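Asker: Sharing a structure below in structure tokens format, with a few things to ask.
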Amino acid sequence: MLDAGQLAKIERFWRYYDHDNDGIPQRTLPGVHPKGAYFARGSGHNQYGGYTEDSKEYQIVVDRLRKKWMTAARLVPQALVQPAPQKTDIAIVSLGSCDGAVHEALTRLREHGIHADYLRVRGFPFGEEVEQFMQSHRINFVVEQNRDAQLRSLLIMETGVEKTRLRSILHYNGMPIPAKYVVDGVMAVVSPQRAAAQLVG
């Protein structure tokens with residue numbers, strides 16, 4: 001973010017030019033210096049903010065946006081990982097206000113002999129640790145308070161984890177999600193699988 005002093009020192013301000021090769025162009029504080037003003041048409045612009053219909057110039061801008069996205073994935077807060085007391089191939093992935101219910105659910109699940117690792121997502125785009133965590137588990141329960149399972153959808157689109165390994169536990173009636181809802185959702189899947197494994201054994 002360039003202030004008036006910084007704008008005064010540069011020869012010219014290019015709104016979309018990637019000065020330091022991280023995909024994120026400079027911005028300015030509005031109205032502090034005439035050099036910070038720029039004009040862009042909605043139909044297409046090049047990296048200098050000028051109008052263009054040139055394919056190569058347009059692709060430079062689009063490629064820069066991809067680089068910006070990848071840079072952002074390294075700058076957002078990393079997901080928090082809470083491992084279970086013992087090794088497990090079961091995981092819970094969640095975010096935000098579900099955190100309290102998930103922590104209580106993990107304790108209750110242990111009382112039933114079910115251990116699960118926990119990953120709390122704290123930013124988007126996802127950092128590498130998110131996919132690495134999910135790939136290391138046979139099943140990932142995605143707990144969220146959203147009718148359309150938006151977190152699960154983003155995890156499917158933005159990682160290489162097979163969607164069959166992501167199971168939704170959705171709660172969206174307007175009330176805070178209770179721990180029992182998470183416990184019941186996990187046990188509905190895990191308990192029958194454990195029973196089948198015992199019969200085979």
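Asker: Over segment 4-75, what is the relative contact order in whole percent, taking alpha-carbon pairs under 8 Å and six or more residues apart?
Answerer: Numbers: 88 pairs, mean separation 21.8, N = 72.
Once normalised by length, the contact order is 30 percent.
Asker: If you don't mind, there's one more thing I want to ask. Given a Förster distance of 45 Å, report the FRET efficiency between ARG110 and GLU158 from their Cβ-Cβ distance, rounded to the nearest 0.05.
Answerer: Result of the calculation: an efficiency of 0.90.
Asker: Let me ask you something else. Give the long-range amide H neighbours of TYR38: residues separated by 5 or more places, or on another chain, with amide H under 5 Å away, using H modelled in the peptide plane at 1.01 Å from N.
Answerer: Sorted by chain and number, the residues that satisfy this come to none at all.
Asker: Here's a follow-up. Calculate, in nm to one decimal, what ASP3 and GLU57 gain on full extension: separation in residues at 0.36 nm each, minus their alpha carbon distance.
Answerer: On the way: separation 54, 0.36 × 54 = 19.44 nm, distance 2.82 nm.
Between ASP3 and GLU57, full extension yields an extra 16.6 nm.
Asker: Which helices, taking whole DSSP H runs in the chain, have alpha carbons extending 24 angstrom or more along the helix axis plus mean Kyte-Doolittle at least -1.0? Display every interim value, and only then the final one.
Answerer: Working: long enough: 55-75 (30 Å, -0.64); 179-200 (31 Å, 0.77).
Helices meeting the span and hydropathy rule in the chain are 55-75, 179-200.
Asker: Write down the Å³ per residue value for the convex hull defined by the alpha carbon atoms of segment 82-201. Don't skip to the end; give the middle numbers.
Answerer: Working: hull volume 12.7 nm³, N = 120.
Hull volume over Cα atoms, normalised by residue count, gives 106 Å³.
Asker: Return the long-range amide H neighbours of LEU2 (sequence gap of 5 or more, or a different chain), with a cut-off of under 5 Å between placed amide H atoms.
Answerer: Amide H to amide H, under 5 Å and 5 or more residues apart or across chains, LEU2 pairs with ARG27, THR28, LEU29.
Asker: Put one equal scatterer on each alpha carbon of segment 4-75, apply the Debye formula with no solvent term, and list log10 I(q)/I(0) at q = 0.18, 0.19, 0.24 1/Å to two decimals.
Answerer: -0.77, -0.84, -1.10
Asker: Starting from the Cα of LYS56, draw a straight line to each of the lysines and keep only those under 26 Å, dropping any in the same chain fewer than 8 residues away.
Answerer: LYS67, LYS68
Asker: With a cap of 11 neighbouring Cβ atoms within 10 Å, and only residues DSSP puts in a loop, list the chymotrypsin sites (Phe, Trp or Tyr not before Pro) found in segment 3-61.
Answerer: PHE39
Asker: Okay, next question. Report, in whole Å, the centroid distance computed from the Cα atoms of segment 108-159 and segment 70-91.
Answerer: So the separation of the two Cα centres works out to 9 Å.
Asker: Please compute the contact order of the chain in relative form: average sequence separation of alpha-carbon pairs under 8 Å and at least six residues apart, divided by the residue count, as a percent. Can you show the working numbers first?
Answerer: Values: 290 pairs, mean separation 32.0, N = 201.
Rounded, it is 16 percent for the chain.
Asker: Right, next: How long is the gain from GLN135 to GLN78 if the chain were fully straight, where each residue apart is worth 0.36 nm and the alpha carbon distance is subtracted? Please report the intermediate quantities before stating the final value.
Answerer: Values: separation 57, 0.36 × 57 = 20.52 nm, distance 1.68 nm.
Between GLN135 and GLN78, full extension yields an extra 18.8 nm.
Asker: Taking 0.36 nm per residue of sequence separation and subtracting the Cα-Cα distance, how much length would be gained by fully extending the chain between TYR172 and ARG12, in nm to one decimal?
Answerer: Full-extension gain reported as 52.5 nm.
Asker: Additional query: Calculate the radius of gyration of the Cα atoms of the chain to one decimal place, then report Dmax, the largest Cα-Cα distance, as a whole number, both in Å.
Answerer: Cα-based Rg and Dmax for the chain come out at 23.4, 77 Å.
FYI, it's all coordinate maths here, none of it is from the lab. Worth saying up front: this structure is predicted, and the values here are computed from it rather than measured. When we count neighbours, we look across all protein chains shown, and the Cβ atoms used for this are built from the backbone with ideal geometry, even at glycine.
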